[in-house]
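Have a look at the structure below before the remarks.
The values are calculated or read from the model by the stated rules, or taken from the named source; none is laboratory data. Fair warning: this is a prediction, and the values are worked out from it, not measured in the lab. Glycine also receives a Cβ, built like all others from the backbone with ideal geometry; neighbour counts cover every protein chain displayed. For the accessible areas, the whole protein counts, side chains as well, though only heavy atoms, and no ligand, DNA or RNA atoms are used. Shrake-Rupley method; radii C 1.70, N 1.55, O 1.52, S 1.80 Å.
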Amino acid sequence: MTQSTQYQEINDLLSKNKHYKEGFFTKTLVQTFDKGLNEDIVRAISAKKSEPQWMLDFRLKAFKHWQTMVEPHWAKADYTPIDYQDYSYYSAPECSSCNQACDKAMDGKDHSQPRMDPEVAKAFASLGVPIDDSNSANIAVDAIFDSVSVSTTKRDDLAKLGIIFCSFSEAVHDYPELVQQYIGTVVPYHDNFFAALNSAVASDGTFVYIPPGVRCPIDLSTYFRINEAKTGQFERTIVIADKGSYVSYLEGCSAPVRDSYQLHAAVVEVIVHEDAEVKYSTVQNWYPGDDDCQGGILNFVTKRGICEGKNAKLSWTQAETGSAITWKYPSCILKGDNSIGEFYSVALTNRRQQADTGTKMIHIGKNTRSTIISKGLSAGRSDNTYRGLVKILPSAEGARNFTQCDSMLIGDQCGAHTFPYIEVENPSAQIEHEATTSRIGEDQLFYCQQRGISEQDAISMIVNGFCKEVFKELPLEFAQEAEELLAISLEGSVG
Amino acid sequence: MTTLSKPMKKLSPVAQSAVDFYLAQAKALSARNDQPELVAFRQSVAERFAQQAFPSRRDEDWKYTPITGFLQTHYAVEGLAKIDEAAIKKLLPPFDVMHLVFIDGYFSERYSDDLSELPRGLSIEPVKDALDFSQGHCALMTHEQKIQDEPFGCLNSMLFDDGVLITLDPHCQVERPILCSFLQTQDGHANTIRNRVVLAHGAQLTLIQQHVSAQPELNAFDNVVSEIELAEHANLQQIVLQDLATQGAYFGLQMIDQAEKSVFNSVYVGLGAALSRHQNVLMMAAEHIESNQSSACLASGKQVMDTRTHTEHQAWWGVSRQLHKLVLDDQAVGVFNGMIKVHKGAQKTDGQMDNKNLLLSKTAQIDSKPQLEIYADDVKCSHGSASGQISEEQIFYLRARGINQTDARRLVTQAFLLEPLEAVSSPKTQAWLANKLTQKLNG
């Protein structure tokens, strides 16, 4: 039996089934800037958000630096260089009632929810995102629609605990000292090409501050929605966990079906102080594009956290199923002694998707520990790459790292790659790295089918088993969502 | 191995002066040999070298391998060998070999075994004699483009003047190992060597290459490129021992092509040189190929040791094994870079790559990059990398049995370091290599 016929059935199924249920498009009045990027646009974005001078200065500095940089192409992904002038850098739904852009910054301290465009509300409702304060969900949500945050729920309840949970634009106005203190400390504006771009044209994002000793009782969450065609979304998220605090933060995203590439370049900065813990989970489900991944999202994300104090803990969990191209390396700088960094990832690619994702663990403090579990699944004609760095500096006495990268290949047209970088400068460090490659064996499928389990169910069982170590790290609802997503994205791709 | 469109490099003054120096050396070399084809060939390589120049730490493949120290010494191609009979005697291992001696990069008929009475089917020829373009010198250069893609390969193409050409006829099985000793006798000399080993159908050979310095304080530069071709069912056992003085530099690049059911087994032992880099580029282009690439390196002082392999599985049923061990003391830097690439359709591939590193001092450093690139689904591929120090438990176990701290550490280190030598089939050769390693460990 040749390899190509082996997957025939499954590929047939797959081609029939390509629903991306989040692919609808919301028709609403929007205010969108003209395409193009120049200093005036940067100033206009800042003016639109009536930002203080220091924020504008930060943007301009970043923009000037960005102009001197070249687009990086070292990742294992093929794409034509992006025309940055062909995107619009600001788009916001307008309130039909007041004919004013729903820029909450303009509402100043008005904590009552600004009137939201019913169409936008409908969009979030059909995505299943609770943006209404009256809901009983045990979760607080910041909903971001194109370039602005349209709603932030449960903020009053949280404020009683001293927790700040608001959109980034609001934080710039309401908590300028905090923002100024932390912005660019983990990801400086000159860090890389996309971080510089983001710093210049940052649209909106979420700002979270957990005061000392507070354990955030509910999950905080942000939902990103790109709606307009040919716009870029550049959110900037800052999460700060002060001494001894704890927060679990979730992130979800989607975009409508389009026929041209859309750009998403986010920056996330996480600061974890002494004895604090942050759990950061992402389910990334951007539109992957059509069969050839035309029109999918180009996802270039810089996520980095620093364990500033002793015994701090930062845990990244991600389920990556969408995007035409993923370029994402959530990293941990383990500066405080005994701090812990974790990275759990499931990346699934299908059709012609290309994912180059992984992590960086920089060990600086004594007895710092890190764990990396990465599961890559590739199907169709996709490429799935793990790229990770583990660096032990001379000061990191007794550091410990364990890395496990497992790849599963589904079909003989896809690729799975592992590019780990290990740099050890301290002999007391113990570093282990292992990687394996496997596939869904015919024998495994046969075994299941023989016991009356359908092929689809068997595949889904095997895949879920493969990813279990990562899914168990996700908060409950998210784990379920991720499992379902995996099932949908894989539907029909396996044999 | 591909790098995307590189912007024009800005060279540091040190690198620029080194480039200019080696270009002048190539001219000097051409002046000595007036064969027009050869002069033209050198000229074309020189043009490429002038453009490509030396890599910097910005180049991905050279990120961890600093060559600035190397660039500061200019190694000349001219010079007079200082031969010492005793040094030649010391080269011989305690077992029977066919000995070929190369002094400062040139074949020495006087010190080598007689080439006129070779076993049937075996032919050995110095490259200098084979370097006749009018007689189809092209035969030497199946990989020329790929060799020149590598910065030191390009330098080699520009400066090589001698080396060895070994050919085995079909089914020729040579019992006695061939030992090629590359001896450095001059300070500041560049020894550029180009070898080619061709094994025809079913041929078998054990080839030992050693790089040695005549005096312990010598600072010379060995730059070797070897092309190895194994036809169907051929079997090559190769050992490369790099035991140069600790000041010099060693660059070894091997391009290996394997045909169906052939076996390639290569062990590299790295001991000397301030900067060394040994690189295998292995193409497993047909079915049922077996390969083993192992290395044992022991670095101390400020030595930089770089071992890298690039293995491509291109057809069904390939088996590749790798075990690379580095022991690093003092301020030594170890670099390992391995890549297993499984092409589309290379099903049933079984590839394994292991890299283990032992750090003996607080200031030693290891950079490891074990990579997998896989485009076929029915394969068994894995890689592992582990780095750490000597386990206290093991020391305790030995000390509890009355072995003192120093001996216990040495025992554990030795056991760790000698494992890759298990791939050497002949016990005598294995013992000889083990002896070299332990000598350095105890010295």
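General observations
- Qualifying residues in the stretch B:360-376 (those that are within 20 Å of B:ALA299 (Cβ to Cβ) and part of a strand (DSSP E or B)) - the one most open to solvent (accessible area, probe 1.4 Å): B:GLN365
- Qualifying residue in the stretch B:380-402 (condition: facing another protein chain (nearest Cβ under 7 Å), without any contact (Cβ under 8 Å) to a residue 60 or more places away in the chain and under 20 Å from the mean Cα position of the chain (by Cα)): no
- Scanning the stretch A:397-410 for residues that are of a type in the set (D, E, K, R) and in a strand (DSSP E or B), we see that the one that is farthest from the chain's Cα centre (by Cα) is A:ARG400.
- Restricting the stretch A:330-344 to residues that are in a loop (DSSP other than H, G, I, E, B) and open to solvent by less than 30 Å² (accessible area, probe 1.4 Å), the residue that is farthest from A:GLN284 (Cα to Cα): A:GLY336
- Flag for A:GLN413 being within 14 Å of chain B (Cβ to nearest Cβ) and more than 26 Å from the chain's Cα centre (by Cα): yes
- Number of residues in the stretch A:276-316 that are touching a residue at least 60 places away in the same chain (Cβ under 8 Å), of a type in the set (A, V, I, L, M), in a strand (DSSP E or B) and open to solvent by less than 10 Å² (accessible area, probe 1.4 Å): the value is 4.
- Matching residues, the stretch B:391-404, being under 19 Å from B:LEU328 (Cα atoms) and either open to solvent by less than 70 Å² (accessible area, probe 1.4 Å) or aromatic (Phe, Trp, Tyr) (or both): B:SER391, B:ILE395
- Among the residues of the stretch A:367-410, the ones that are at the interface with chain B (Cβ under 8 Å from one of its Cβ atoms), open to solvent by 10 Å² or more (accessible area, probe 1.4 Å) and of a type in the set (A, V, I, L, M) come to 0 in all.
- The residue pairs whose first member lies in the stretch B:79-91 and is closer than 15 Å to B:GLU109 by Cα, whose second member is open to solvent by less than 50 Å² (accessible area, probe 1.4 Å) and among the aromatic types (Phe, Trp, Tyr), and whose beta carbons are closer than 8 Å, counting only pairs six or more residues apart or on different chains, are B:ILE83/B:TYR111; B:ILE88/B:TYR111.
- The residues on offer are A:SER245, A:SER254, and the sole one that is surrounded by 23 or more Cβ atoms within 10 Å (Cβ to Cβ), at pLDDT 80 or above, over 10 Å from the mean Cα position of the chain (by Cα) and of a type in the set (Ser, Thr, Tyr) is A:SER245.
- One residue from B:ASN357, B:ASN265, B:ASN337 being surrounded by fewer than 20 Cβ atoms within 10 Å (Cβ to Cβ), under 21 Å from the mean Cα position of the chain (by Cα) and either of a type in the set (S, T, N, Q) or within 11 Å of chain A (Cβ to nearest Cβ) (or both): B:ASN265
- Looking at the stretch A:139-253, the strands (runs of 3 or more DSSP E) lying wholly inside it that each contain 2 or more residues that are of a type outside the set (S, T, N, Q), in contact with a strand residue (DSSP E or B) (Cβ under 9 Å, 6 or more places away or on another chain) and in contact (Cβ under 8 Å) with a residue 60 or more places away in the chain sit at A:139-145, A:219-225, A:236-241.
- Qualifying residue in the stretch B:3-11 (condition: within 14 Å of another protein chain (Cβ to nearest Cβ), of a type outside the set (Gly, Ala, Ser), in contact (Cβ under 8 Å) with a residue 12 or more places away in the chain and farther than 18 Å from B:ASN191 by Cα): yes
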